[in-house]
Every structure is written in structure tokens, then in C-alpha cells.
Amino acid sequence: MATEDKTPLREAAPSASGRTPETQDRSKVARNRIIAGVVIAVVVIVAIFLLTRGDGIIGTITGDKPPVGKVNFHLKGTEFVATQPEGDVQAQKDTAKATADAVKTQLDTLFEKAYVDPGSWGDTGEIGDLFTDGAKGQLKDDIATITLGDNAGDTYDSVDPGKNSAKVRTLTDKDGNALRAAADISFTGLAKHKDGTYSAITVTGTFFFVKDGDTWRIEGYSLDRKEKPAKAPVPKGSSSPSAVAS
Amino acid sequence: MTRRFVAVLLVLAAWLAGTVAGSLGSSPAAASSPGIAIGKAHTAEYTPSLTGSKPVVILAVGSGARPGDDVLHSLSDSLHLIFLNPDQHAGTIVGIPRDSWVDIPGHGSDKINSALAVGGPDLMVQTIEARFGVHIDYWAITTFWGFKGMLDQIGGLTVNVPFRMYDPTYSGVDLQAGVQTLNGEQALAMARDRHSLLAGDFGRQENGGRLILAALTQFQKEFNGDAGSLFNWIGAGMTRINTSLTVDDVMLLAYTATAQPVSKLRNIVLPGSSQTIGGLSAVALNTAAVSQIFNDVTPDGIMSKKNVPPSPTANQP
């Protein structure tokens, strides 16, 4: 019959070895299966690695990153500094409290953008509105202190804000109008590096604020940033602190 | 089909492997990226400051008013012109003997300290501007009790008292020479004393300049340790000083003062001699020397070394 006379193409092909075509075919299939298996194994291992490290490739592609930590400065103290004798003490106290609240909001925003949110690390444009024009001009020079740093994304994966505090002093006139404010701050954060290590970041110093319409802007600052290696945070559920500087 | 599948897998594997290698390899390099040095402290300081080569001139007056007197219309006890050149971070403190005999515009000739009593700060400014050909930008006047309270509020003033000062009768000063922290009362006594000084009022004006420089030194030291302390100084000063300066002016001056090297400020006193003029014990200023001083200091606020007059207390034992 015609079908029985047909020779399969593989069988018809000239054999390079002395093996029979049937044996060669089985050998090729087996070899291909081994290669495919190895490649698949490599792909799976690499994929697992990429998917589980840091934000993960899926997170990177979809933009589905872990939520950015919130900075919340705790007001350690608020006080007024009178510039005129015999003023209205209660009005000045009230002003000092309201000013401290407003300044705290600015500090929260500044450190969240400058240190905690990877999307704005090292971007002085993101924080420029918090500063007066004069101070804004200085930001580039002080980027490694005012922010996590230029190209911080090359070094850090994330910064988890720790305990942050501020003491706010407000210069007042005798009627209780706020003239200036100074915030002595202490910011701490646990930074996770690209290489999996951690460091404890602290920023301390003073910000000077001036009122511009309804907004308090930073007109001056004197800051120190320090950073030292830290231990990895203890997994959630533990009663230990999240990180301890080593 | 199988070969294509294998090829695709190999390419994918190579891409993934490359990605992994790339990401692993980036960490050590990134750790040393410029601007971030772990373990190294970074500092940042910025405050607005005065700018320009034209000097800012402030008249600082210590009023001799007693409690209940009109502070702005009393005899002045000490007079200092403070010149600051913002661009060069340099300046001059010029002490004016309070008994200097001058023309007081619209009021004939008299001791310069009477200008405040007769016409308040405006006439005092007018008198000095007319006599010395200088433009005064601001004036600030304090009192004995204001000066004392100010220094007590900042926790005293560290001063290098240049020589033994002892005057139990008038100023009450009793200080050994050397670096020490003076409370408000002691600093006031040092500022007021002229009876224990060979150079009398000339020496007193020079000590006034010394106290200003000591205050600037301490202000900077405290600011460098705690920048927020600036407000304490402003509060201590502004509640006890009558001034033409606004809070914005004071802030700008204070910020500027944080970076003003004390060593680049000269403390001089206008030279002259004590004489009896119009039946009064007064100071006849050395007209030639005074002209030379103001010709030198007025344009830029900086005094040339060659024009610096001798210290009135140079021979004080």
C-alpha cells in the first residue's frame, strides 16, 4: 500500500554515524530534553531570585512597590520667644502651638520626600517649595544632607523612618503674631542598601522658618547627617526594636 | 521547533543571568557613589546674609537713663558706630567719647551725649552724621538695666578682661584681669567704669567695644553648638533695646553675624584730649586724626592698619 511504502523523512535522511536512525532520534530527543530542563531550571531559579529580592521585578514592572513609610515628627516642645516686653502671653503661647503644628507638617513632608520616598530621593525640585528662594539656591550644594543624596537610588533600596522629634521655638510680637520659627530636629531612619546591608541614618540640627503668606518656608538651616552600619530589622511580631545600630 | 524553543530559552536565560549579574554587580559600585559616604558625617549650613561692599552702619547707644526716665531722651553714656562690610566679612567698631564737643544741628555746640537728651535718636543720628560725614543705617539704644537683663538672660558673657578693674565708688567694678564669665551686673560695671582707667572715658569706650566683640564671639560659639540659640539672643536683645531695626533686619544681621570673623573687626576709639570747653569738662577730638579715620572707614567699613589710632588703654597697668 502506498502509505506503507513511504519512508519517514527522518528515516530517509542519510545517517552520519553508524547508528541506526531510530537510535539517533532517541538520542537527540533525550539531549534536547536535558538542555531544555537545564535551561528551564536556570530560568526558574533566576526568576525566583528576581521575584523575591527587593521590590521584585514584577513590582518594578508594574510599579507596585511597597508603601512608602510615613514621617511623623513628634513635637517635643513648643515655646515662644518674645521680641517685645509686656506682651499678651496667652496669645503668644497659642501662636507658638499653631506655628509648631504648621512647621511639623513641613518637616514631615520634607523628610518623607527627601529621605523616605525613593521616588523623590535626591530630587531638590520635589522639596523646593518648602524653601525660600534664597535657601532653594543652596540645595544642590547640600543635597547629601538635606536629602538622602544624589543618585541615592544606586545605593539604597529603602529608608524606614524611625523616631523623629522636633522642638519648635517661635519669635512673636507682643500681640502674638508669629515672626519666625526655629525647629531643632532629630530624624532617624533605617536604610536598607542594595547589597542587603543596613545603616542607621540620623539628621540633627535646626531649620529656620519664615512665614510666606499662609506657608512656613525654610530660610536657613544648620544640619548634621550621620550614618553608621546597623543590624537588619527583627522580623515583625518580635518585641525587639526594628533595628539596632551596631 | 525544539531547537527554536531551546534557543529562545537560552536567550531568555542569558538575559536573566545578565540582569542578575548586573544587579549584583551594581551594589559595591553604588556604595561608593559620590555624595554619600557611609560613616562620614555630612554637614549643611545656610542662612541668608547681608550682601554688598557698601558697609552697613549701626549706631549703638548705651543710654544713661535711670528707671522712670525717658530712655530715648536721656544723656547717652556710650556711643559706638559699628561698620560691617558684608562682602568682605570685615568691619570696624568706632567708639566715640561721650563728652566729645560737637555742633548739634539746631542746638549750637555741646557734648555729643546731649544730642539724645535734646532731640532723641533722630537728632543723635543727625549730629553724628553731620560731624563725621557718615551715613547711619540703624540705631539701637539700651539702658543700664536692659544691658544687665540681656546678659543675664543669655547666661552671662565670657570676657577677657584686659587688666585689673576696681572702682568701688562709681561703677562698682571689681574684676581681675583674664578670661571670665561676667553676669549682667559685672558686665555693666565693666562697661560703665572710667574712674579706674587712666584713659578715662576713652578707655571706657574701648571696653564697650571689647564687650561687643565678646558678645559676638559667644554668640557664634553658641550658634555653632545650637543654632536655635539664635532666638534666645534675639529675644534677650529685642525686649530690652529700642531700635530702628525691624525683626527682619535683626534676623538678617544675626544670620550675617554668625559668619562674621571676630578677628576681622577692629575696635578703635576716636582720639582726642580732655579739655575745659565752655566751662565744661569735655573732649576735644583730634580733628586731623578723626578725619583720617572716617575718610578711611566710611567707604567700605574697613579700617586700614596704618590709620588705626593707639589703644587708649595700652598703658593701663
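For this structure, a couple of remarks:
- Test result for residue A:213, within 30 Å of residue A:87 (Cα to Cα), surrounded by fewer than 23 Cβ atoms within 10 Å (Cβ to Cβ) and either at pLDDT below 95 or among the β-branched types (Val, Ile, Thr) (or both): yes
- Candidates B:93, B:136, B:128, B:141: the one that is part of a loop (DSSP other than H, G, I, E, B), in contact (Cβ under 8 Å) with a residue 12 or more places away in the chain and touching a Leu at 6+ places or on another chain (Cβ under 7 Å) is B:136.
- In the stretch A:72-87, the residues that are within 7 Å of chain B (Cβ to nearest Cβ) and either within 19 Å of residue A:184 (Cβ to Cβ) or in contact with a Gly (Cβ under 8 Å, 6 or more places away or on another chain) (or both): A:81, A:82, A:83
- With respect to the conditions (1) surrounded by 15 or more Cβ atoms within 10 Å (Cβ to Cβ); (2) within 9 Å of another protein chain (Cβ to nearest Cβ); (3) modelled with pLDDT of 60 or more; (4) in contact with a Lys or Arg (Cβ under 9 Å, 6 or more places away or on another chain), residue A:54 lacks only one, and its number is (3).
- Residue A:224 being within 28 Å of residue A:134 (Cα to Cα) and at pLDDT below 95: no
Yes or no, residue by residue, for (1) closer than 30 Å to residue A:88 by Cβ; (2) of a type in the set (Val, Ile, Thr); (3) at pLDDT 95 or above; (4) touching a Gly at 6+ places or on another chain (Cβ under 6 Å):
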| site | (1), (2), (3), (4) |
| --- | --- |
| B:230 | yes, no, yes, no |
| B:250 | yes, yes, yes, no |
| B:255 | yes, no, yes, no |
| B:265 | no, no, yes, yes |
| B:268 | no, yes, yes, no |
| B:283 | no, yes, yes, yes |
| B:296 | no, no, yes, no |
| B:300 | no, no, yes, no |
| B:315 | no, no, no, no |
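- Residue match in the stretch A:190-199 (condition: assigned by TED's automatic domain parsing to the domain that holds residue A:99, within 29 Å of residue A:79 (Cβ to Cβ) and of a type outside the set (Gly, Ala, Ser)): no
- Selection from the stretch B:91-107 of residues that are hydroxyl-bearing (Ser, Thr, Tyr) and touching a helix residue (DSSP H, G or I) at 6+ places or on another chain (Cβ under 6 Å): B:92
- Matching residues in the stretch B:67-90 - criterion: being in contact (Cβ under 8 Å) with a residue 24 or more places away in the chain and either within 14 Å of chain A (Cβ to nearest Cβ) or assigned to a loop (DSSP other than H, G, I, E, B) (or both): B:67, B:71, B:74, B:75, B:86, B:87, B:88, B:89
- Scanning the stretch B:259-286 for residues that are of a type in the set (Val, Ile, Thr) and surrounded by 19 or more Cβ atoms within 10 Å (Cβ to Cβ) turns up B:268, B:269, B:283.
- The listed residue being over 21 Å from the mean Cα position of the chain (by Cα), more than 17 Å from residue B:140 (Cβ to Cβ), touching a residue at least 12 places away in the same chain (Cβ under 8 Å) and assigned to a helix (DSSP H, G or I), out of B:289, B:189, B:282: B:289
- Boolean, residue B:202 is assigned to a helix (DSSP H, G or I) and in contact with a helix residue (DSSP H, G or I) (Cβ under 8 Å, 6 or more places away or on another chain): no
- In the stretch A:118-127 there is no residue that is surrounded by fewer than 18 Cβ atoms within 10 Å (Cβ to Cβ) and at the interface with another protein chain (Cβ under 8 Å from one of its Cβ atoms).
- Residue A:132 vs. criteria within 12 Å of chain B (Cβ to nearest Cβ), more than 29 Å from residue A:234 (Cβ to Cβ) and surrounded by fewer than 20 Cβ atoms within 10 Å (Cβ to Cβ): yes
- In the stretch B:228-250, of all residues being free of Cβ contacts under 8 Å to residues at least 24 places away in the same chain and not β-branched (Val, Ile, Thr), the one that is nearest to residue A:81 (Cα to Cα) corresponds to B:231.
The values are calculated or read from the model by the stated rules, or taken from the named source; none is laboratory data. From a predicted model like this one, the values you see are computed outputs, not experimental measurements. FYI the Cβ positions are ideal-geometry reconstructions off the backbone, even for glycines, and counts take in every protein chain you see.
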